[in-house]
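The values are calculated or read from the model by the stated rules, or taken from the named source; none is laboratory data. No experiment lies behind these values; they were computed from the predicted model shown. Here Cβ is always computed from backbone atoms with ideal geometry, including for glycine, and neighbour counts include all displayed protein chains.
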Amino acid sequence: MRFENVFIPYGAYWSSPFSRWEKKLAGANAIEFAADVAARALSERGIAPDAFDSLFLGLTVPQPGAFYGAPWLAARMGAPEITGPTLAQACATSVRAIASAGFEIETGAADAILAVCADRTSAGPRIWYPDPREPERETPAENWMRANFERDPYSGISMISTAENVARAEGIGRREQEEITLVRYRQYADALADGRSFQRRYMVAPIELANGAGRLEGDFGVYPTTAESLAALEVRVPGGTITVGTMTYPADGNAGLVLASRERALALSRDPRIEVRLLSFGQARVEKGLMPKATVPAARRALERAGLRIEDMTAVKTHNPFAVNDVYFCRSFELAPEAVNRYGSPLVWGHPQAPTGMRATIELIEELAIKGGGYGLFSGCAGGDSAAALVVRVAVK
């Protein structure tokens, strides 16, 4: 899909800090927390909660009350008169929420839509599926988080096995994975420089947590990483190459982003000299058990629909649950590792699923603004050996 009339008001987006699962945000309902962060972000940006025609919620982990989804979030953030869908497409949920909202803006069905993506992987639910023939009989419960990490019902293998499959097929060894991981941590350190000046461009922080859970100053659970510490770790799969140091970790958090017509975007922008336009969306699915490869055809599809090439991109971001993803992506497009994921990526700051790609897209926009404008690409893999991608353009007048 190529978009002609979809804009993102500059600065009308945000992310909470992300917290490693079972830590700072483990007790927060994802929808309630996202609504509270959205209300604060809108207030800080001078945008009224009722400025939108609709709210699209991306959510992949059931929460108490999630049946009411987007209408509940909208009401809690101060806009009880709007409603909208709740969307889930595994780790591609952010791109799907942005694209689906974009479709409505493009066709004129809406003038301004708020997309919010949120998940709490902590304390993931156990879901009991009764036998309809004997509904009272005890049956095994599904651990929503772990069961889906550990087995794709179609391929029959875990997510880490898909990465090991690609590592083996493409000759991506442990050392190359650790080298690109260290690059990502150095890039993340740049986002923390000067009192987190880059992250302060979009992140809602500090946050006082409810129920005496303390204060969240920024991302929580990012551990110092060195070549020596990576080399000392054991592989997760016998005979494999991936360690806990070269893969991401489940996390909790949320992000929000406004999509609008050109006129509404101008009215809602923090800086009218900066125009952000959504150009295209693409998705792809690869052979069974090769999930990390999917980011490449998804990216190519989005680029083709935008009428652009990878060489036209000023900045590139990816969702990289495994370092293998980035090695394969960079090889496929002949990109230096340093040219991708400036200021960090999910490999470092964690993976709350639904909001992961939205935060990366927000960082992509801010990187382009810093560079004076240009084209940007985000591509991220998702369960089911799939991926989704989008292309944006930032123009600085």
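Data for the structure
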quantity: Given (1) crowded, with 18+ Cβ neighbours inside 10 Å; (2) within 30 Å of I113 (Cα to Cα), index of the condition G245 fails; calculated: (2)
quantity: Qualifying position, being touching a residue at least 24 places away in the same chain (Cβ under 8 Å) and more than 18 Å from the chain's Cα centre (by Cα), among A26, A38, A12; calculated: A26
quantity: Any hit, the stretch 31-54, residues being touching a helix residue (DSSP H, G or I) at 6+ places or on another chain (Cβ under 9 Å) and in a strand (DSSP E or B); calculated: yes
quantity: Subset of the stretch 79-96 (residues that are of a type outside the set (A, V, I, L, M, F, W, C), in contact with a Ser or Thr (Cβ under 9 Å, 6 or more places away or on another chain) and over 25 Å from A387 (Cβ atoms)); calculated: T83
quantity: Output for the stretch 200-226, where each listed residue is under 16 Å from Y188 (Cβ atoms) and either aromatic (F, W, Y) or not in a loop (DSSP other than H, G, I, E, B) (or both); calculated: R200, R201, Y202, M203, F220, Y223
quantity: Unmet criterion (only one of (1) hydroxyl-bearing (S, T, Y); (2) part of a helix (DSSP H, G or I); (3) within 27 Å of F18 (Cα to Cα)) for T314; calculated: (2)
quantity: Cβ pairs under 6 Å, 6+ apart, first in the stretch 351-367 and more than 16 Å from D219 (Cβ to Cβ) and among the acidic types (D, E), second crowded, with 24+ Cβ neighbours inside 10 Å and at pLDDT 95 or above; calculated: E367/A315
quantity: Residue among I105, I82 that alone is out of contact with any Gly (no Cβ under 6 Å at 6 or more places or on another chain), farther than 30 Å from T241 by Cα, modelled with pLDDT of 95 or more and in a loop (DSSP other than H, G, I, E, B); calculated: I82
quantity: When residues of the stretch 74-85 are limited to those that are closer than 17 Å to A112 by Cα and not small (G, A, S), the one nearest to the chain's Cα centre (by Cα); calculated: P85
quantity: The stretch 350-392: number of residues that are crowded, with 24+ Cβ neighbours inside 10 Å, out of contact with any helix residue (DSSP H, G or I) (no Cβ under 6 Å at 6 or more places or on another chain), of a type in the set (G, A, S) and not in a strand (DSSP E or B); calculated: 2
quantity: Top-ranked residue of the stretch 179-215 - restricted to ones that are farther than 23 Å from K317 by Cβ and aliphatic (A, V, I, L, M), ranked as surrounded by the most Cβ atoms within 10 Å (Cβ to Cβ); calculated: I207
